[in-house]
């Protein structure tokens with residue numbers, strides 16, 4: 001929680017800023033950062049505002065867009081100007097960027113300034129964030145012996161773009177030219193070495209910097225994990241891609257090879273007299289490239305290479321390998337017309353998957369070209385059921401083993417048992433994936449991306465939980481740092497304008513934090529708040545489900561009329577049965593004796609959604625592990641038809657996992673008064689755990705306190721083809737049996753495992 005500083009009366013409202021008053025800052029923040037208005041729109045806004053100000057002989061906050069931009073430019077807080085090298089590499093001084101991050105009071109208490117060891121009750125080692133892992137300990141032992149000197153996701157400006165690398169272009173005839181490829185690698189490393197050079201003095205001599213807690217402390221800069229995709233890892237480590245990992249060339253999974261280091265590379269170069277041919281062909285060493293870390297203290301690019309869940313596992317192993325192999329198996333096994341029919345079945349199954357909060361919809365199955373990381377993540381959650389009964393059981397079990405590995409490595413906290421489970425999951429997957437060799441889909445599976453799975457358990461010990469070193473962080477920043485500024489520019493040589501937009505946004509965000517810290521002005525919108533965001537940065541609290549703030553006004557209020565309106569004529573009986581089952585303190589005798597009379601006098605409020613907040617340790621959760629999702633029950637969702645979500649209801653808190661729960665389908669959210677107190681409820685249809693569809697005869701009223709979170713059901717499709725006119729909104733009504741999807745997210749996976 002931020003501590004606001006109250007200033008004496010008479011203190012200028014916006015001290016140390018170029019803004020004359022709160023109106024100027026709020027206008028700037030709304031127009032530039034939140035509204036992302038173009039210069040033309042800002043100009044028109046000021047003109048309209050001026051028409052009104054003329055009545056009072058007053059001026060608008062700004063004369064026009066240029067005046068507004070100049071005001072932002074003169075803001076000192078959060079300023080890290082963009083510069084460029086002779087080859088037009090745009091960058092911001094990383095020392096200034098890092099100091100600005102340290103100067104952010106919102107990060108107070110959200111990261112550990114020094115490494116630590118975490119143990120459980122039995123004294124066994126645990127791993128969570130980066131500072132609890134071995135990498136930080138190893139490097140802390142080698143920092144200068146002066147006085148002692150996490151928010152793991154990109155929370156609150158904790159991750160900031162600082163460099164736009166040049167992309168050398170040439171004629172097509174030089175695309176595969178060895179000299180040109182070498183030049184691109186050299187430019188890559190030279191750019192990083194030049195830009196990061198400002199950090200070098202602070203890597204050996206402590207610097208005094210203002211920290212989030214308001215104190216000035218000595219800090220030492222240190223390079224942490226380097227997040228790179230598989231080909232880029234080869235560029236960075238000076239080795240040919242197939243030899244970039246510390247394993248044997250012919251069989252990557254056959255056992256570890258010798259670890260790489262700068263010292264070993266230099267020794268091999270000297271031993272072979274720098275013969276580039278021998279070094280390249282026998283050891284995969286490119287003598288023309290010097291890694292950018294070579295000139296920095298305590299920086300070894302070989303040990304800095306972190307795993308990458310997104311590109312190695314999700315997009316690489318799952319999307320590019322397993323999904324493609326399933327398709328290749330089908331076409332190898334069947335004639336093309338029949339294979340096409342099976343692939344169409346898979347696509348129609350994927351398109352018929354019921355909706356779920358935050359789940360991407362594939363309206364045409366997999367038939368689109370531009371796959372993003374989010375698309376691959378969404379397909380992982382539903383693909384297993386889509387191929388069931390259409391391919392051999394061995395292939396389905398292979399994907400199941402792979403998904404189990406994926407959800408294990410996406411934990412936020414690890415102990416020795418979890419790491420052992422990860423290693424076992426890798427072993428099981430390796431055994432089962434042999435089906436693709438046996439069916440001649442591939443000759444061998446010595447693939448770098450799949451091989452990376454064997455390194456995840458030791459990498460967790462080295463770097464901590466992997467969601468904090470995943471390229472999803474950089475991909476999410478690509479939207480805010482590149483895509484949005486591009487759309488706000490005039491598209492003509494837009495890079496300079498885009499970089500200036502980034503700089504302006506950072507300044508406004510820094511000012512916002514500064515004003516909140518000093519309790520000026522009274523109230524500002526949260527700059528980190530995104531609409532429909534899943535993460536909740538609030539403190540760890542007990543699970544809650546709350547109704548929407550506003551009731552729906554088109555429903556009748558009396559129980560009998562409401563039941564007739566929604567097609568549940570026995571609604572009064574259901575409410576009466578619920579009230580009769582309440583313990584004595586919650587209901588008076590008059591209500592239980594003559595429930596029909598009392599119910600007609602009780603106004604019932606109807607709601608179309610509820611918000612559930614629960615503790616879920618995953619990369620989509622907030623800083624304290626809290627996640628928020630919407631449960632809907634609306635007759636018209638996005639103008640497509642009715643949407644009645646499913647949810648987990650707790651029946652017995654003493655039973656672990658799913659054994660103490662059931663799945664229900666929400667027909668209606670409602671609230672009414674019981675014994676002078678308004679309580680939230682839900683009209684639900686109960687699913688039986690033997691695969692039956694929801695039964696209208698099992699409709700009951702449940703209190704929202706018994707509801708845990710939303711559940712995702714996927715139909716058991718069976719052998720019959722799905723009708724072409726079946727839409728996803730009808731799937732829960734059209735099928736008789738369902739799978740409870742444990743792969744929809746980490747929390748559901750823990751509940752159902």
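The values are calculated or read from the model by the stated rules, or taken from the named source; none is laboratory data. Small disclaimer: the values here were computed from a predicted structure and weren't measured. Neighbour counts run over all protein chains shown; Cβ positions are idealised from the backbone, glycine included.
Quick look at the values:
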| read-out | value |
| --- | --- |
| Segments classed as helices (runs of 4 or more DSSP H), wholly inside segment 283-389, with at least 1 members that are modelled with pLDDT under 90 | 301-304, 373-387 |
| Odd one out for residue 731, checked against (1) surrounded by fewer than 22 Cβ atoms within 10 Å (Cβ to Cβ); (2) assigned by TED's automatic domain parsing to the domain that holds residue 550 | (2) |
| Checklist (1) closer than 27 Å to residue 130 by Cα; (2) not in a loop (DSSP other than H, G, I, E, B) applied to residue 401, failing item | (1) |
| Residue 154, sole failed condition from (1) at pLDDT 80 or above; (2) touching a helix residue (DSSP H, G or I) at 6+ places or on another chain (Cβ under 7 Å) | (1) |
| For residue 692: the one exception among (1) modelled with pLDDT of 85 or more; (2) over 22 Å from residue 379 (Cβ atoms) | (1) |
| Those strands (runs of 3 or more DSSP E) lying entirely in segment 598-669 with at least 1 residues surrounded by fewer than 19 Cβ atoms within 10 Å (Cβ to Cβ) and at pLDDT below 85 | 609-615 |
| Segment 731-745 - residue that is in a loop (DSSP other than H, G, I, E, B) and in contact with a strand residue (DSSP E or B) (Cβ under 9 Å, 6 or more places away or on another chain) and, of those, nearest to residue 713 (Cα to Cα) | 741 |
| Count of segment 329-342 residues which are loosely packed, with under 15 Cβ neighbours inside 10 Å and under 19 Å from residue 436 (Cα atoms) | 3 |
| Selected residue (criterion: surrounded by the fewest Cβ atoms within 10 Å (Cβ to Cβ)) from residues of segment 130-146 that are in contact with a helix residue (DSSP H, G or I) (Cβ under 8 Å, 6 or more places away or on another chain) and modelled with pLDDT of 80 or more | 134 |
| Residue tally, condition assigned to a helix (DSSP H, G or I) and within 25 Å of residue 136 (Cβ to Cβ), over segment 439-474 | 19 |
| Unique residue being touching a helix residue (DSSP H, G or I) at 6+ places or on another chain (Cβ under 7 Å), assigned to a helix (DSSP H, G or I) and at pLDDT below 60 when the list is 590, 560 | 590 |
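Per-residue answers, yes or no, for (1) within 27 Å of residue 642 (Cα to Cα); (2) assigned by TED's automatic domain parsing to the domain that holds residue 455:
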{"position": "267", "(1), (2)": "no, no"}
{"position": "295", "(1), (2)": "no, no"}
{"position": "315", "(1), (2)": "no, yes"}
{"position": "340", "(1), (2)": "no, yes"}
{"position": "347", "(1), (2)": "yes, yes"}
{"position": "375", "(1), (2)": "yes, yes"}
